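The values are calculated or read from the model by the stated rules, or taken from the named source; none is laboratory data. What you see is a predicted model; the values in this text were computed from it and never measured. Reconstructed Cβ throughout: ideal geometry from the backbone, glycine too, with neighbour counts over all protein chains shown.
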């Protein structure tokens, strides 16, 4: 790759999540401070369910911090009805488990000969504006790239994977509160940020949404708010209760998405995805959302919260992913870490 080339110049793009994966990357939970007041064994149990589900349709690459974690995982794999050949463990230290935000941002292109090639962006990571320790997390992407030995691009700015949502066909959705926040890049303006997104994600148009929901320490990650389920359809998080503090933000996003027209004048199909109601701790509300689902090769992993609206969210995903199994992953305790399933997964495209 030419040192001054951008991915878009070379034909690379960020694929949609439903496009074929060769693997999903995870970081085994190891930091009890991530889930304050929770038994880490309960969090591990959620990971086991994630691993078990995904390994049926793709490889699962697991990062561990300690030899004891690797031993525990190997024992678990041997004693469980898992697809052992699809689970690979690597010793790469991290501060936390949110690999969506600090892992590589994978890209694909089709060469002139018809071959599919994979590369990745290594964005900088500063723990959502310097909120927590991140020195190890910021090195994980580079360590993974050394293992894979595929081309890498280094944009030179901070950007988390949970802050961007693409349809793989030139459209990106994000939020102003996150990408334009001075705690990331000193306050890049919208025009400057759009140049980065277009150069490094292979997108042509960007929709800017609002990211003000209670309990969110990411300053407005889009993967808790709006998700593509096909190239022209989005699920938009929605709160019916007008007295709920989240209603105003979600109503504004609905208006923004419904008013969007692409370069050909084509609108998006916008479908409301209900919020699961309040989940509170002594420190305040948690950012529970059904939008934090993850699309695997054979299954869609849906965070559930023991709420009557769990079934509504499941029904919506079945509608848009009829060929994939919808698997509910209980996240009442998991969301105490201020994230859910999408936040702890990172897809690697097939090649």
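Can you pull out every residue in segment 34-59 that is outside any loop (DSSP other than H, G, I, E, B) and either more than 22 Å from residue 335 (Cβ to Cβ) or more than 21 Å from the chain's Cα centre (by Cα) (or both)?
Hits for segment 34-59 are 40, 41, 42, 59.
Return the only residue of 81, 93 being modelled with pLDDT of 95 or more and either in a loop (DSSP other than H, G, I, E, B) or within 26 Å of residue 208 (Cβ to Cβ) (or both).
Answer to the check: 93.
Look at residue 57 and say whether it is within 16 Å of residue 349 (Cβ to Cβ), in contact with a strand residue (DSSP E or B) (Cβ under 6 Å, 6 or more places away or on another chain) and touching a residue at least 24 places away in the same chain (Cβ under 8 Å).
No; evaluated as a whole, the condition is false for this residue.
Residues are listed down the side, and each one gets a yes or a no for (1) without any contact (Cβ under 8 Å) to a residue 60 or more places away in the chain; (2) surrounded by fewer than 22 Cβ atoms within 10 Å (Cβ to Cβ); (3) over 14 Å from the mean Cα position of the chain (by Cα); (4) over 22 Å from residue 31 (Cβ atoms):
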| site | (1), (2), (3), (4) |
| --- | --- |
| 99 | no, no, no, no |
| 130 | yes, yes, yes, no |
| 133 | yes, yes, yes, no |
| 137 | yes, no, yes, no |
| 143 | yes, yes, yes, no |
| 150 | yes, yes, yes, yes |
| 156 | yes, yes, yes, yes |
| 160 | no, no, no, no |
| 168 | no, yes, yes, yes |
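Just for segment 60-78: of the residues that are without any contact (Cβ under 8 Å) to a residue 40 or more places away in the chain and either within 19 Å of the chain's Cα centre (by Cα) or in a strand (DSSP E or B) (or both), which one is nearest to residue 136 (Cα to Cα)?
Selected residue: 64.
Is segment 170-179 home to any residue that is within 26 Å of residue 31 (Cα to Cα) and in contact with a strand residue (DSSP E or B) (Cβ under 8 Å, 6 or more places away or on another chain)?
Among the residues of segment 170-179, not one is within 26 Å of residue 31 (Cα to Cα) and in contact with a strand residue (DSSP E or B) (Cβ under 8 Å, 6 or more places away or on another chain), which makes the answer no.
Evaluate segment 116-125: report whether one residue or more is out of contact with any strand residue (DSSP E or B) (no Cβ under 6 Å at 6 or more places or on another chain) and under 25 Å from residue 35 (Cα atoms).
There is at least one residue in segment 116-125 that is out of contact with any strand residue (DSSP E or B) (no Cβ under 6 Å at 6 or more places or on another chain) and under 25 Å from residue 35 (Cα atoms).
Select from segment 62-76 the residues that are in contact with a helix residue (DSSP H, G or I) (Cβ under 8 Å, 6 or more places away or on another chain) and crowded, with 18+ Cβ neighbours inside 10 Å and write down the one among them that is nearest to residue 326 (Cα to Cα).
In this case the residue turns out to be 62.
Could you say whether any residue in segment 338-347 is in a strand (DSSP E or B), touching a strand residue (DSSP E or B) at 6+ places or on another chain (Cβ under 8 Å) and closer than 23 Å to residue 101 by Cα?
yes
Would you mind finding the one in 201, 197 that is in contact with a strand residue (DSSP E or B) (Cβ under 8 Å, 6 or more places away or on another chain), within 25 Å of residue 154 (Cβ to Cβ) and in contact (Cβ under 8 Å) with a residue 60 or more places away in the chain?
None of the others qualify; the one that does is 201.
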